[in-house]
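See below for the structure under consideration.
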């Protein structure tokens, strides 16, 4: 009966059989060490020549990296490392002897590793990152169902955009121009009029010609929409969700975080402490007065601009907690956001970006949506968007419109922050970038 390496702590002293791959091998005289993985974890199989038959010894002593095999033996504690377990082999069966493996122990450049991504996925770092990705995905799904949401899958091929069509991939849809989805938000807003609270989770596409470590051309986005929610309730829900994700991660991904050598001090802290909440104006003032950014002049443009990469990182470094930046100037935000005029006469959007610490930058963008039909229609017209293509969306404001809010979380950006890896391309199995569509 097959056993799994992840369960070795409960199998000490028992004879087990594992099926997996030798990610490293070494032998010396009458003993061989097979570093084995089976998808669930990693272990060392110790093969002593006198304890196995001739066939088993021949397999173990001549094994190549990434050969697949079946190993039977007894689970024991590692003699020197606490919480580490070994397999004292009694039989080794070869499934397939691997050819010379192109990814060796020497250092390889990132381009080489991503050119060979199909093989590099077998290494410990991507194994840990992508298992954390899976944990984050699962935690979000659990959280929303516990909060009374239903999953509401939105179309990937869409007739228009909720943002800027210059960043969309155009497709030929039966001789009619269409776009690959940038977000499912507008459709989610239609869904809440039936179900109250909905979310979708799937691939979206950005044709932005950027080569920074923060961008992908194909990514996964979670969009949530909630009827009868104002912006304060929206942020409360986001904070609760992030705390849940991190708590699950700390409890369920101990080995993965260890492999990544992730310092979890801030992650542990944010589970128990409230997130920071600043207005856009307050954040800009702090950045200026405390000299947290490099800038020669602070003219009107500075106070009306979006948050730059440097500014987001500076806020995260200052507070060492996630930071909600609220109430951006309306003119730099999307057409569907509810507006208000502040005490200084600036028209602002009831919105917030959630900035992650540790250079995580923005991981969530959300807002209260404009529920008034005439105001929303006017904004579409003022921005010279094709009104006819938004008629269906405006219908949600014609028939029983209610206050509602929503937000979108970028999965890869979130995973990058939680794992502490440098580039967002490390957080998806096969990244699609401006200059990469293979393998």
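Looking only at the stretch 119-427, where both bridge partners belong to it, what percent of the DSSP beta bridges are antiparallel (to the nearest 5)?
90 percent
Measure nothing fancy, just the Cα-based angle from helix 124-146's long axis to the longest principal axis of the chain, in degrees from 0 to 90, nearest 10.
Tilt relative to the chain: about 50 degrees.
How tilted is helix 309-319 with respect to the longest principal axis of the chain? Cα atoms for both, answer in degrees (0 to 90, nearest 10).
Once rounded, the angle reads 80 degrees.
Given Cα positions, please report Rg to Rh for the stretch 398-439, the hydrodynamic radius being the Kirkwood one. All intermediate terms of the calculation are to be shown ahead of the outcome.
Values: Rg = 16.9 Å, Rh = 13.1 Å.
Across the stretch 398-439, the Cα-based Rg/Rh ratio is 1.29.
Kirkwood hydrodynamic radius, computed over distinct alpha-carbon pairs, for the stretch 294-412: how many Å, to one decimal? Before the final figure, lay out each step's value.
Details: mean 1/r = 0.0626 Å⁻¹.
In the stretch 294-412 this quantity evaluates to 16.0 Å.
In whole angstrom, note down how far apart the Cα centers of the stretch 161-228 and the stretch 254-274 are.
Distance between centres, Cα-based: 31 Å.
Over the Cα atoms of the stretch 5-96, what is the Rg over Rh ratio if Rh follows Kirkwood?
Over the Cα atoms of the stretch 5-96, Rg/Rh equals 0.93.
In nm, what is the difference between 0.36 nm times the number of residues separating residue 375 and residue 150 and their Cα-Cα distance?
78.1 nm
Roughly what angle does helix 231-252 make with the longest principal axis of the chain, taking Cα atoms, 0 to 90 degrees, to the nearest 10?
For helix 231-252, the angle is close to 0 degrees.
Would you mind ranking 137, 179 by Cβ crowding within 10 Å, fewest neighbours first?
Ordered by Cβ neighbours within 10 Å, fewest first: 137, 179.
If you average the C-alpha positions of the stretch 88-159 and of the stretch 290-319 separately, how far apart do those two centres end up, in angstrom?
36 Å
If you line up the Cα atoms of the stretch 119-427 on their principal axes, what length do they span on each, largest first, in Å?
Taking max minus min along each principal axis of the Cα atoms, the stretch 119-427 gives 53, 49, 37 Å.
Evaluate the stretch 120-252: find the radius of gyration of its Cα atoms, find its Kirkwood radius, and give the ratio Rg to Rh.
1.01
As a check on your grasp of the helix formula, calculate [θ] at 222 nm for the chain: sum -39500 (n - 2.57) over DSSP H runs of n ≥ 4, divide by the residue count, round to the nearest 500.
Numbers: 14 runs with 141 residues, N = 439.
Computed ellipticity for the chain at 222 nm equals -9500 deg cm²/dmol.
Readers should treat all values here as calculations from the given coordinates under stated rules, not as data from a laboratory. Every value quoted in this text rests on a predicted model; they were computed, and no experiment measured them. Quick reminder, even Gly has a Cβ in these numbers, built from the backbone with ideal geometry, and neighbours come from all protein chains shown.
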